[in-house]
Amino acid sequence: MARSIWKGPFVDGYMLKKADAARASARGEVVKIWSRRSTILPQFVGVTFGVYNGHKHIPVAVSEEMIGHKFGEFAPTRTFHGHSADKKAKRG
């Protein structure tokens, strides 16, 4: 179920502070975050976030097309190695 429009997008509070600090420093460093559930806001454009996928931080450079999506969409948590039937088909 989608979030109500009158509530606005969900963003963890610490992320706004970290994004402002990264933008002010202008060093281009990766901002490590653990909040995959937060929505990408226009203030985050141009900042690179390290989104945690349960194993490591995946660098995600935020662009204008990503606004409105969640951070978790850009850091997959599972690695697909293919189906067992695919290996059999490639041999023949």
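A short reminder: the numbers here are calculations on the coordinates, not readings from a lab. Not measured: the values here are computed from a predicted model. Every residue, glycine among them, receives a Cβ derived from its backbone with ideal geometry; neighbour counts consider all protein chains shown.
For the list (1) without any contact (Cβ under 8 Å) to a residue 12 or more places away in the chain; (2) under 14 Å from the mean Cα position of the chain (by Cα), I need the number of the one condition that residue 81 fails.
Of the numbered conditions (1) without any contact (Cβ under 8 Å) to a residue 12 or more places away in the chain; (2) under 14 Å from the mean Cα position of the chain (by Cα), the odd one out for residue 81 is (2).
Restricting to segment 4-59, name every residue that is outside any loop (DSSP other than H, G, I, E, B), of a type in the set (S, T, N, Q) and under 18 Å from residue 74 (Cα atoms).
Residues satisfying the conditions are 39, 43, 48.
Going by the structure shown, is residue 40 out of contact with any Pro (no Cβ under 7 Å at 6 or more places or on another chain) and hydrophobic (A, V, I, L, M, F, W, C)?
Criteria met by residue 40.
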